[in-house]
């Protein structure tokens, strides 16, 4: 009988122990717990701007929120804050959003006032930073004017100008870094550099032609493929070099016209410089009859050029058989001119005239194409013969034409220095 009585007594005791030692989470929240949770939430809400008009109370683990806020974000913030507190089962969010003008303008003006006071407090520091920035930038502008400093590195004016701009930019960036360090805003440097990189990339694509032209100007200034007054042919355009600017190459054509070529085109084009080597070969062709002795005709042409004072002895003049045409044999006549003493075109013209007259005197025929012409007889007056030309000039002027040289010298004397370095290294 005792075991049975023991079992009857043990059951109620175990049930009582289980009730006493159950976890607090499984028990219904008491009034003290609700009061504690309410106090904790009120303390938390007082720390958040915009939730001071919210009333709250915890009832049986349910947070009941009432009141008004100025924005929907504050309403959601209050709900999220209440849900994060341990012991809150759910949230009854009855907060209303007040859209009245008075409640909207008040906080806005308050924030503006706080911002304005913050700027006023940092104004002296901002003035100090701004003063240091302009002081360092001013020092850079002074260094930019020191001609003696940049002429030590290069005699090229364009390179000197690039170095001046680089020095000025370096001091400007240094001043900006010092100013940002004083304002404790050095974190903006990375953002500014990133924005500058993106902007530079965009401008690079937008102004690709201008960038290419500027780079070509630098390379042309370094390489110096021609000098002032050189006779050049650039992409089929002939003329004498007047100047090389940061954007274009200026030529004076043989007709006296100014020709402006973009430096990007000049850099990529084939440049033929007739002046760099003063010795230049001229040539022309003359046709003789197929029955003429070619060796004698060649020797006569060479003899005529050799006797001309304006034609160089070395290299010697030449006369070659170029072509066997339908009505004649074409001879190619070649000679060399020293352009420092004689004009190329004048010497070539004089050589053609002299060879032609020598062939006429020697009886060397220079045939022309023959055509069969049917002509009907008509009553016309006899044509008078042309007057003799023996009294005309027999010796032509082959001196160097200095007219364009004078024009170029006058223009270069009155203009600013350019990128052509007459005393520097040439390509």
Right, residue 82: at pLDDT 80 or above and in contact with a strand residue (DSSP E or B) (Cβ under 7 Å, 6 or more places away or on another chain) or not? yes
So the strands (runs of 3 or more DSSP E) completely within the stretch 223-274 holding 2 or more residues that are surrounded by fewer than 18 Cβ atoms within 10 Å (Cβ to Cβ) and touching a residue at least 40 places away in the same chain (Cβ under 8 Å) are 271-273
Among 310, 283, the single one that is part of a strand (DSSP E or B) and more than 30 Å from residue 246 (Cβ to Cβ) is 283
Taking the stretch 358-382 and keeping residues exposed (fewer than 11 other Cβ atoms within 10 Å of the Cβ), at pLDDT 65 or above and in a loop (DSSP other than H, G, I, E, B) leaves 363, 368, 369, 370, 371, 373, 374, 375, 376, 377
message = Looking for something closer than 12 Å to residue 334 by Cα and at pLDDT 90 or above - is there at least one such residue anywhere in the stretch 271-279?
response = no
With the first residue restricted to the stretch 112-128 and required to be closer than 18 Å to residue 181 by Cβ, and the second required to be assigned to a helix (DSSP H, G or I), Cβ contacts under 9 Å at 6 or more apart or on different chains are 125/182; 126/119; 126/179; 126/182; 128/179; 128/182
One residue is enough: does the stretch 205-221 have a residue meeting the conditions surrounded by 12 or more Cβ atoms within 10 Å (Cβ to Cβ), more than 30 Å from the chain's Cα centre (by Cα) and not in a strand (DSSP E or B)?
no
Being surrounded by 11 or more Cβ atoms within 10 Å (Cβ to Cβ) and modelled with pLDDT under 80 narrows 48, 101 down to just 48
query: If we scan the stretch 66-82, do we find a residue that is part of a loop (DSSP other than H, G, I, E, B), touching a residue at least 12 places away in the same chain (Cβ under 8 Å), outside the structural domain of residue 185 (by TED's automatic domain parsing) and under 53 Å from the mean Cα position of the chain (by Cα)?
result: yes
Taking the stretch 286-300 and the residues there that are touching a helix residue (DSSP H, G or I) at 6+ places or on another chain (Cβ under 8 Å) and assigned to a strand (DSSP E or B), the one that is surrounded by the fewest Cβ atoms within 10 Å (Cβ to Cβ) would be 286
Residues in the stretch 302-325 that are under 14 Å from residue 336 (Cα atoms) and in contact with a strand residue (DSSP E or B) (Cβ under 6 Å, 6 or more places away or on another chain) total 9
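The values are calculated or read from the model by the stated rules, or taken from the named source; none is laboratory data. Please read all numbers here as calculations on a predicted model, not as lab measurements. Heads up, the Cβs are rebuilt from the backbone with ideal geometry, glycines too, and the neighbour counts pull from every protein chain shown.
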